[in-house]
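Here the structure comes first, spelled out in structure tokens, and everything after it is commentary.
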Amino acid sequence: MREFVFTVEYEKGADEVMDLFIDNPKLKAKTMAVHATTESMWRLDRITGPSEVLEQFDSVIGRVSVCNEVIGMCGAPVFEWNYEILSSSAESRIVYSCRKEGEGVQSIPYVAAKHIGEGVLMQAVRRGSQYQWRLLIDDDDTVRAIYEEVDDGLDEGLTLSVQRLSEPKCWFDDREADLDGLSPEQQAALEAAVEYGYYESPRRNTVQDISKKIGIPNSTLQYRITRAEAWLAQQFVTETLGTEVDQRVDPVDLELSA
């Protein structure tokens with residue numbers, strides 16, 4: 001299996017719901033589950049943000065879901081859209097939705113189901129102007145077919161960029177497994193830093209103090225801590241915020257374009 005990560009970026013005015021995310025950078029939506037066939041799509045999303053923005057979201061999604069002129073991201077008309085807020089708090093919503101699109105190039109979940117078939121696995125995050133998708137795919141021909149159909153069908157004001165095509169990452173919340181990204185030396189450096197109060201305020205020991213206590217050069221310990229912190233920061237952005245660190249790959253390099 002390979003993980004295909006790509007982002008659809010929205011211009012202001014291209015989509016009423018995405019405009020709300022663009023105008024409110026603290027608003028975020030992340031799929032808890034998303035399933036699709038070639039005929040319909042249903043999903044659970046966790047929406048988080050300031051309470052006043054979530055009230056705007058409730059209003060917008062309620063209005064848009066009953067509108068007869070809604071168009072999917074690839075131009076096909078939405079002819080049925082049901083949604084329900086399953087739980088609500090001041091700063092979060094759990095939203096169930098089910099929708100069907102008409103003729104034409106349909107939205108990403110439909111395109112994925114069409115080319116992958118039964119058992120399609122995907123995740124999505126909306127934040128700012130970006131709607132980022134992750135798909136698990138077992139062959140490059142399918143990746144190419146999905147990329148080409150989505151790219152060719154995107155509605156006006158939407159652009160597609162590819163972040164990566166690689167071994168799967170960040171699909172599980174198994175923190176122990178996540179530590180595989182740190183070398184044993186980096187893990188030991190972080191453990192020592194915590195043990196000797198490097199992250200306390202006020203700091204009990206400096207890196208130089210700790211390096212003397214554990215018997216390794218100061219520069220070596222500093223390097224290991226810095227590399228470990230950089231990895232943890234990237235994991236936070238990718239997993240907690242739900243999006244890849246901003247990077248783009250030329251589709252030609254992945255042999256996705258003809």
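Some observations on this one:
- Extreme residue, nearest to residue 61 (Cα to Cα), among residues of the range 23-32 that are out of contact with any strand residue (DSSP E or B) (no Cβ under 6 Å at 6 or more places or on another chain) and open to solvent by 50 Å² or more (accessible area, probe 1.4 Å): 23
- Candidates 147, 196, 223: the one that is aromatic (Phe, Trp, Tyr), touching a helix residue (DSSP H, G or I) at 6+ places or on another chain (Cβ under 6 Å) and modelled with pLDDT of 70 or more is 196.
- There is at least one residue in the range 61-81 that is out of contact with any Asp or Glu (no Cβ under 9 Å at 6 or more places or on another chain) and aromatic (Phe, Trp, Tyr).
- From 222, 208, 187, residue being touching a residue at least 40 places away in the same chain (Cβ under 8 Å), open to solvent by 30 Å² or more (accessible area, probe 1.4 Å) and either out of contact with any strand residue (DSSP E or B) (no Cβ under 9 Å at 6 or more places or on another chain) or part of a helix (DSSP H, G or I) (or both): 187
- Test result for residue 13, on the phi > 0 side of the Ramachandran plot and either over 15 Å from the mean Cα position of the chain (by Cα) or in a loop (DSSP other than H, G, I, E, B) (or both): yes
- Pairs linking a residue in the range 51-67 that is more than 14 Å from residue 23 (Cα to Cα) to a residue that is of a type in the set (A, V, I, L, M, F, W, C), with Cβ atoms under 7 Å and 6 or more positions apart or on different chains, are 51/90; 61/17; 64/17; 64/70; 65/81.
- Test: residue in the range 34-45 that is open to solvent by 30 Å² or more (accessible area, probe 1.4 Å), in a helix (DSSP H, G or I), at pLDDT 90 or above and under 20 Å from residue 99 (Cβ atoms): no
- Residue in the range 54-73 that is out of contact with any Phe, Trp or Tyr (no Cβ under 9 Å at 6 or more places or on another chain), over 24 Å from residue 169 (Cβ atoms), small (Gly, Ala, Ser) and in a strand (DSSP E or B) present: no
Let's see how each residue does on (1) within 20 Å of residue 16 (Cβ to Cβ); (2) modelled with pLDDT of 90 or more:
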{"site": "134", "(1), (2)": "no, yes"}
{"site": "139", "(1), (2)": "no, no"}
{"site": "143", "(1), (2)": "no, yes"}
{"site": "158", "(1), (2)": "yes, yes"}
{"site": "161", "(1), (2)": "no, yes"}
{"site": "172", "(1), (2)": "no, no"}
{"site": "175", "(1), (2)": "no, no"}
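The values are calculated or read from the model by the stated rules, or taken from the named source; none is laboratory data. Everything quoted here is computed from the prediction, not taken from an experiment. Using ideal geometry, Cβ is built from the backbone for each residue, glycine included, and neighbour counts are taken over all protein chains shown. SASA here: full protein model, heavy atoms, side chains in, ligands and nucleic acids out. Shrake-Rupley method; radii C 1.70, N 1.55, O 1.52, S 1.80 Å.
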